[in-house]
Amino acid sequence: MKVVFWNIKKLRPTSHILAIIDALSPDLFCFCEAEDDFLREILSVRGAYQKVEIPGCERVFILTRLRIDYITQLRQGSNYATLMYNDGTSRCLICVVHLGSQQRHSVDEGRRSAERIHQVLVEEEQRHDICETMIIGDFNYSPFETPLLSFSGLCATNSVDCVERSFITRDGERKDLFYNPMWTLYDKYKRRPGTFRYRRPGIDVIMWHFIDQILIRPCLIDRFDFDELQIVSEINDYKFANANGTPIISDHLPLVCQVEL
């Protein structure tokens with residue numbers, strides 16, 4: 001399954017979205033800060049795709065070229081939507097998120113949001129007896145920040161050793177781990193490690209941030225294509241960043257990933 005995520009900042013980058021669809025043929029194309037009528041315009045041009053209805057969440061949008069009857073709506077909230085993909089042979093639990101901006105929310109608010117989403121996914125995994133779970137979206141926090149790393153957040157580790165230990169225990173409480181493949185991109189994108197560029201004067205000296213991310217359960221690591229994990233800065237004749245690597249269409253760059261189910 002190939003998945004693309006892009007926060008389009010309430011813009012209407014039709015040509016760039018169509019370029020991604022034509023070049024990559026994503027099975028799921030997930031958006032944040034999009035407008036419903038605009039996405040329906042995209043569907044009128046690329047009829048092979050359909051919109052996945054998510055009535056309980058207004059912050060994320062999903063287009064798919066998969067059979068729509070293979071996708072089931074699960075729990076939804078103001079900043080997340082969970083779906084089950086099941087084609088009769090392969091299954092996967094998918095959560096698309098858009099956590100609150102650090103400009104308007106504290107880190108502890110972000111951690112609490114992450115904790116709630118983690119709990120929802122654990123409950124859905126238990127209900128459907130599944131471990132093949134991925135989370136993708138705009139987390140508004142980097143991989144090394146509290147909402148991602150915290151035991152009381154998403155428990156997203158930077159080590160593939162979690163394959164051998166898929167959970168950790170603190171004071172008698174067990175938390176199932178996620179693995180965060182985005183850590184591998186710090187080496188691949190040394191000059192501009194991130195999908196989003198912003199400064200936080202008085203807080204730190206970091207300029208580039210991987211706030212758009214994909215997290216997977218340890219059982220998916222061996223089926224995750226690390227070579228396909230990439231940030232889109234150019235496709236064919238369409239540029240998403242300028243010569244300095246700064247996003248020029250939206251303030252985010254699209255994220256691409258693939259996992260074999």
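The values are calculated or read from the model by the stated rules, or taken from the named source; none is laboratory data. Quantities reported herein were computed from a predicted structural model and do not represent experimental measurements. Because the Cβ atoms are built from the backbone with ideal geometry, glycine has one as well, and the counts that use them run over all protein chains shown.
When the residues of the range 214-261 are filtered to those that are among the aliphatic types (A, V, I, L, M) and without any contact (Cβ under 8 Å) to a residue 24 or more places away in the chain, which remaining residue is nearest to Trp183 (Cα to Cα)?
Residues of the range 214-261 among the aliphatic types (A, V, I, L, M): 214-216, 220-221, 229, 231-232, 235, 241, 243, 248-249, 253, 255-256, 259, 261.
With the extra rule that they be without any contact (Cβ under 8 Å) to a residue 24 or more places away in the chain, the set shrinks to 241, 243, 248.
Values: Ala241: 22, Ala243: 24, Ile248: 24 Å.
So the residue we want is Ala241.
Among the criteria (1) over 18 Å from Asp138 (Cβ atoms); (2) within 19 Å of the chain's Cα centre (by Cα), the one Ser250 does not fulfil is (1).
Sub-9 Å Cβ pairs linking a first residue in the range 122-151 that is among the basic types (Lys, Arg) to a second residue that is buried (at least 18 other Cβ atoms within 10 Å of the Cβ), at least 6 apart or interchain, are Arg127/Leu74, ordered by first then second residue.
Restricting attention to the range 1-44 and to residues that are of a type in the set (S, T, N, Q) and more than 25 Å from Gly100 (Cβ to Cβ), the residue that is surrounded by the fewest Cβ atoms within 10 Å (Cβ to Cβ) turns out to be Ser44.
Any residue that is over 17 Å from the mean Cα position of the chain (by Cα) and either over 13 Å from Ile211 (Cβ atoms) or modelled with pLDDT under 95 (or both) - is there at least one of those in the range 113-121? Checked against the condition, which is being over 17 Å from the mean Cα position of the chain (by Cα) and either over 13 Å from Ile211 (Cβ atoms) or modelled with pLDDT under 95 (or both), the range 113-121 yields at least one hit. Among the residues in the range 180-191, are any touching a residue at least 60 places away in the same chain (Cβ under 8 Å) and within 20 Å of Thr146 (Cβ to Cβ)? Yes, there is a match, as at least one residue in the range 180-191 is touching a residue at least 60 places away in the same chain (Cβ under 8 Å) and within 20 Å of Thr146 (Cβ to Cβ).
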